[in-house]
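Everything below concerns the one structure shown next.
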Amino acid sequence: MSFFDELTQKAKNAAATASEKARDMADSAKISAAIISEKRDLDKDYRTIGQWYLSQCGDEVPEAIADVVAAAKASQEKIASLQASREAAETEKGQEESGEPQEEEGKVCPVCGKISNTKFCPHCGAPMGE
């Protein structure tokens, strides 16, 4: 009988060790997830600070970040240009499909100014309001 008792004891020890390691891994995973979440929040805060700074500094930019600010402004201009070209293409497509320009019905989006009769703006995703 001592063989079975010894075998049972070894199995219990192995199960306890595995359980402890699994608990340690779960704790480590929770900590890693918390770190990732905090880094995401920090990146979001940095982005907000940068956007605020750009809106406040105007043309008076310190030399140390002048190239970064110039790149950001160039990106903003390119985005605006691309959005304008997308809007022009959508307008042309709509006119070609209908054969004539037609006036859209719906509410004006408070964010981008597009007209839509949906609950959320299909262009920017903002709620259209009541």
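The values are calculated or read from the model by the stated rules, or taken from the named source; none is laboratory data. Keep in mind that this is a model prediction, so the values were computed, not measured. Every residue, glycine among them, receives a Cβ derived from its backbone with ideal geometry; neighbour counts consider all protein chains shown.
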Test: residue in the range 98-113 that is in contact with a Pro (Cβ under 7 Å, 6 or more places away or on another chain) and either assigned to a helix (DSSP H, G or I) or loosely packed, with under 10 Cβ neighbours inside 10 Å (or both): no
Residue in the range 23-36 that is surrounded by fewer than 10 Cβ atoms within 10 Å (Cβ to Cβ), out of contact with any Leu (no Cβ under 8 Å at 6 or more places or on another chain) and at pLDDT below 90 present: no
Sole exception among (1) exposed (fewer than 10 other Cβ atoms within 10 Å of the Cβ); (2) among the hydrophobic types (A, V, I, L, M, F, W, C); (3) within 19 Å of the chain's Cα centre (by Cα) for ALA64, by number: (3)
Condition broken by ALA72, with the remaining ones in (1) surrounded by 11 or more Cβ atoms within 10 Å (Cβ to Cβ); (2) over 28 Å from the mean Cα position of the chain (by Cα) satisfied: (2)
Single condition GLY58 does not satisfy, out of (1) within 27 Å of PRO127 (Cα to Cα); (2) not assigned by TED's automatic domain parsing to the domain that holds MET128: (1)
Flag if LYS93 is modelled with pLDDT of 90 or more, closer than 30 Å to GLY129 by Cα and either surrounded by 10 or more Cβ atoms within 10 Å (Cβ to Cβ) or outside the structural domain of GLY125 (by TED's automatic domain parsing) (or both): no
